[in-house]
1. Looking only at region 230-238, decide whether some residue is surrounded by fewer than 19 Cβ atoms within 10 Å (Cβ to Cβ) and touching a residue at least 40 places away in the same chain (Cβ under 8 Å).
2. What do you reckon, is R217 charged (D, E, K, R), under 20 Å from L79 (Cβ atoms), in a helix (DSSP H, G or I) and open to solvent by 80 Å² or more (accessible area, probe 1.4 Å)?
3. Take the conditions open to solvent by 60 Å² or more (accessible area, probe 1.4 Å), assigned by the TED database to the domain that holds C238, in a loop (DSSP other than H, G, I, E, B) and of a type outside the set (F, W, Y) and apply them to Q281. Does it pass?
4. Go through region 95-109 and report how many residues are surrounded by 12 or more Cβ atoms within 10 Å (Cβ to Cβ) and touching a strand residue (DSSP E or B) at 6+ places or on another chain (Cβ under 9 Å).
5. For region 251-278: of the residues being of a type in the set (A, V, I, L, M) and within 27 Å of N214 (Cβ to Cβ), which is most open to solvent (accessible area, probe 1.4 Å)?
6. T200 versus (1) free of Cβ contacts under 8 Å to residues at least 60 places away in the same chain; (2) open to solvent by less than 10 Å² (accessible area, probe 1.4 Å): which is the lone unmet condition?
7. With respect to Q311, determine if the residue is in a helix (DSSP H, G or I), of a type outside the set (K, R), open to solvent by 10 Å² or more (accessible area, probe 1.4 Å) and at pLDDT 95 or above.
8. Quick check on region 60-75. Is at least one of its residues in contact with a Lys or Arg (Cβ under 6 Å, 6 or more places away or on another chain) and among the hydroxyl-bearing types (S, T, Y)?
Amino acid sequence: MEEVPHDCPGADSAQAGRGTSCQGCPNQRLCASGAGATPDPAIEEIKEKMKTVKHKILVLSGKGGVGKSTFSAHLAHGLAEDENTQIALLDIDICGPSIPKIMGLEGEQVHQSGSGWSPVYVEDNLGVMSVGFLLSSPDDAVIWRGPKKNGMIKQFLRDVDWGEVDYLIVDTPPGTSDEHLSVVQYLAAARIDGAVIITTPQEVSLQDVRKEINFCRKVKLPIIGVVENMSGFICPKCKKESQIFPPTTGGAELMCQDLEVPLLGRVPLDPLIGKNCDKGQSFFIDAPDSPATLAYRSIIQRIQEFCDLRQSEEENLINS
């Protein structure tokens, strides 16, 4: 289906194709016929595939350039430090796949087996999948409309042979577009633990994060919390903190208070993060005592606690 109007009643609504907001919509005839309400058979196939995945986390951002992919990569690295924990990192930023570069996997290719596509592994317990592995060159532009992007995401979720996985981390493109709607729709039946939303302190970023939070609430996607990235710069010599991106409206903390969303933590700027991402290495190894590393570790622990609590609550519901 093509882009829908803001007040779309939904393809499965009795007003589908007949409501006043449907006038002029390119999908009006399709919805009125009832064909748009037919459930995609891939949803059940993905639900079955995801039975081997314990926790599913989406990483979102309102704006590009706030460090969402960097956070996704380091969340994966941090969780994978426990050798008994299996991690999968899925990059659905179809037009701007940066995960292969950040994870040191540029030039790698996807291999097909009898059980589906095989992820590319950074470590024995950390597998990665990205459209970047399907391109002949990292400079190739992906110029796709929504339906083709949705088809690619469907394939990633249904056809990749992840095996037994403790955490599936999904790195999404910025905003609230086709990719976000697709991944939420396809994973809804398989249960998503929640979303981590990345922002920077300034208002120009926060105003888009508010939209992201509204999106999560509309599609009933639990919000694990917000991470304020690039939150000040601590000089390695004098240890004095400077605000490179001043929180002119109170930063993520005030926004989280207003919207009643948890603030998972703040990650300060560290030049080594960018250098390590360009080299395709984990920042945690080069700077284990950096304030940014300590902030990351605290945030990762809170995410694990959220997922464990959610799993415990669901098990109690099943057993009650």
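The values are calculated or read from the model by the stated rules, or taken from the named source; none is laboratory data. As the structure is a computational prediction, the values presented were derived from the model and not from experiment. Here Cβ is always computed from backbone atoms with ideal geometry, including for glycine, and neighbour counts include all displayed protein chains. Accessible surface is based on the protein model in full, side chains and every heavy atom, while ligands, DNA and RNA are left aside. Shrake-Rupley method; radii C 1.70, N 1.55, O 1.52, S 1.80 Å.
1. There is at least one residue in region 230-238 that is surrounded by fewer than 19 Cβ atoms within 10 Å (Cβ to Cβ) and touching a residue at least 40 places away in the same chain (Cβ under 8 Å).
2. Spelling it out, it is not the case that R217 is charged (D, E, K, R), under 20 Å from L79 (Cβ atoms), in a helix (DSSP H, G or I) and open to solvent by 80 Å² or more (accessible area, probe 1.4 Å).
3. Yes; evaluated as a whole, the condition is true for this residue.
4. So the count comes out to 8.
5. By that ranking, first place goes to L254.
6. Just one mismatch for T200, condition (1).
7. The answer is no for Q311.
8. yes
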